[in-house]
Amino acid sequence: MLTVRRDEAVAFNAMWKPGPQAVAGMQGFGSANPALVIYLDPDSLAILPPSDPAAWPEFIRLLRQIRDSADELAVFLGKHATAEEVHGDDTGPE
């Protein structure tokens, strides 16, 4: 487990394949610690806003990019899944 002080920046790359129970949503409605949380089944990832509200506009920009990119990927995968269903593409298991 990676533990970091809140004021430290850590760069890392990670990839997960979500399990069947994966969900995403906002946690902390009405609290001082709101976050975007992605429960990947079994792992989870929380994206927390900066502690300084002056940095929130850039964080909001990032959240909107995440939203838009997730929608773009969903549309792409939806079209691909539809094409496979129509053409009967069965490539077998990964």
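Points worth noting:
- Residues considered: 91, 82. Of these, the only one that is modelled with pLDDT under 90 and open to solvent by less than 100 Å² (accessible area, probe 1.4 Å) is 82.
- Residue 31 being hydroxyl-bearing (Ser, Thr, Tyr) and surrounded by 11 or more Cβ atoms within 10 Å (Cβ to Cβ): no
The values are calculated or read from the model by the stated rules, or taken from the named source; none is laboratory data. Because the structure is predicted, anything quoted here is derived from the model rather than measured. Every residue, glycine among them, receives a Cβ derived from its backbone with ideal geometry; neighbour counts consider all protein chains shown. Accessible surface is based on the protein model in full, side chains and every heavy atom, while ligands, DNA and RNA are left aside. Shrake-Rupley method; radii C 1.70, N 1.55, O 1.52, S 1.80 Å.
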